[in-house]
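Here is the structure we will look at, set down as structure tokens.
Coordinate-derived values only; no laboratory data. Everything numeric in this text was worked out from a predicted model, so none of it was measured. Quick reminder, even Gly has a Cβ in these numbers, built from the backbone with ideal geometry, and neighbours come from all protein chains shown.
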Amino acid sequence: MAANVSPRNAPRPLDVEAVRRDFPILATTVHGRPLTYLDSAASSQRARPVLEAVEHYERHSHANVHRGVHALSQAATAAFEGARERVRRFINAVSVKEVIFVRGTTEGINLVAQSYARPRLRPGDEILITALEHHANIVPWQMVCEQTGAHLRVAPINRRGEVPFDEFQRQLSPRTRLAAFAHISNALGTVLPVKRMIEAARAQGAVVLIDGAQAVPHARVDVRALGADFYTFSGHKMYAPTGIGVLYGREELLAAMPPWQGGGDMILTVSFEKTTYNELPAKFEAGTPNISGAVGLAAAMDYLEGLGIEAVAAHEQHLLELATVELGRMPQIELVGTAAHKAAVLSFTMKGVHAHDLGTILDADGVAVRTGHHCAMPVMTFFGLPATARASFACYNTEEDVARLVRALERAREVFG
Ligand code: PMP
């Protein structure tokens, strides 16, 4: 039984030691030190129930999905389509037709760019993003702009790393055909006021895509309550395997979009004269899908809801606040991203030390942080930095992890001092 399993929404604080026992990899030692894993924003670790669900599927139920009449194919199809229903419930979509399995957030955004935006946009149309986006939510739109003659607009951020709502609104106009922005920034931790932003964009007639890669592990996401047209995320940031993610789209929009990739499963009939396409969601899932990944994703959703997403979020918020205070006391450390609303991510620099050198020193102490531009080069340019170090928190992190980070930073200061 996984730790902390409780009825949905039970306001029970997280038993973090029990949670840690659910993540076997946390027992790893690195350079002879216990692992302090503070890189979950890049990829989280997998919970035992996720590993077990994947293994159980692979050992007992694997065959190709959808086409087989034999028992294993039917078992695999049931597992795969059961996972889709699990996702539907997790994000509160109306129908499983609105849940498209993709490789991850990157693929979800590219699918919308190429299948929704490319056929519709004309010269003079605009796509609005913000200045804190991950490259995955910049480059696909730049490609569409090149392909269609549309123009990319960027809502600015302030020195705290927030997207001021009035600035965002000022960039909107009836020319805005599509707005795409992060729910939570991976580089800065900023939580965007997505509901207000969605309402404002839709009021101008724009279709809205939310990059939820950093949000689904830390916040309850209800796509209907948000009013998003598209919402996309990756399994591997929410305790599920890599290579599986979700694109949610309102059925009406998905139904009107052409397929993105052609191949098996996305067709009804094929002849050399004419091919007819399958219904949703199969229309967007050409080829054999990542079946065990979908099974793992469903198990991760069970796990996260078993812990209670609110309890996880409260725990991570406590660690973020603790780390913010502790690092804020260190004179050589500068925090990058000080938004009023943040989640799970602490970016920082150490005076006179390149982030990569800092990361190497921390690694020697077993402390895993990410260093670099975090696939958000425009954010780094805005702050005039080549890179930052980033500590990010998940359900299994502890106050001791924060203390180890602080001790490792103090040692780094002595080394570089
Ligand atoms: N958007 C954000 C905000 C992210 O943090 C990431 C992953 N770092 C992505 C998009 C891309 O996700 P993936 O690599 O899983 O496709």
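Table for the structure above
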quantity	calculated
Loop chymotrypsin sites (Phe, Trp or Tyr not before Pro), segment 235-282 (other Cβ atoms within 10 Å of the site Cβ: 11 or fewer; DSSP)	272
Share, in percent, of DSSP beta bridges within the chain that are antiparallel, nearest 5	60
Note, ³J(HN,Hα) from phi for segment 186-191, Karplus 6.51, -1.76, 1.60, rounded to Hz, x at Gly and Pro	6, 8, 10, x, 4, 8
For segment 187-263, share of DSSP beta bridges that run antiparallel, in % to the nearest 5	60
Within straight-line cross-link reach of residue 283, lysines at Cα separation under 28 Å, skipping those fewer than 8 residues along the same chain	97, 237, 274
Rel. contact order, % - alpha carbon contacts under 8 angstrom, at least six apart, segment 205-294	21
Ordering of 25-38, 217-230, 81-94 by packing [mean C-beta count within 10 Å, highest first]	217-230, 81-94, 25-38
The chain, relative contact order in percent, only Cα pairs under 8 angstrom and at least six apart counted	24
Relative contact order for segment 24-125, counting Cα pairs under 8 Å that sit 6 or more residues apart, in percent	11
Cβ charges +1 (Lys, Arg) and -1 (Asp, Glu), total dipole of the chain, debye	520
Neighbourhood net charge (10 Å Cβ-Cβ; Lys/Arg +1, Asp/Glu -1) for residue 185	-2
Karplus-derived 3J(HN,Hα), 6.51/-1.76/1.60, for each residue of segment 18-23, Hz, glycine and proline x	5, 4, 4, 5, 7, 10
Isotropically averaged projected area of segment 316-417, using the convex hull of Cα atoms (one quarter of hull area), nm²	6.1
Helix runs (DSSP H) in the chain reaching 15 Å along axis by Cα, Kyte-Doolittle at least -1.0	71-91, 291-307, 309-328, 399-416
Residue 276-residue 58 pseudo-label distance in nm [points 7 Å out on the Cα-to-Cβ vector]	3.9
Extension gain, residue 318 back to residue 12 (0.36 nm per residue minus Cα-Cα distance, nm)	108.7 nm
Placed amide H near residue 131: partners under 5 Å, 5+ positions off or other chain	155, 157
Cα shape, the chain, gyration tensor, a/c 1.5 rule	oblate
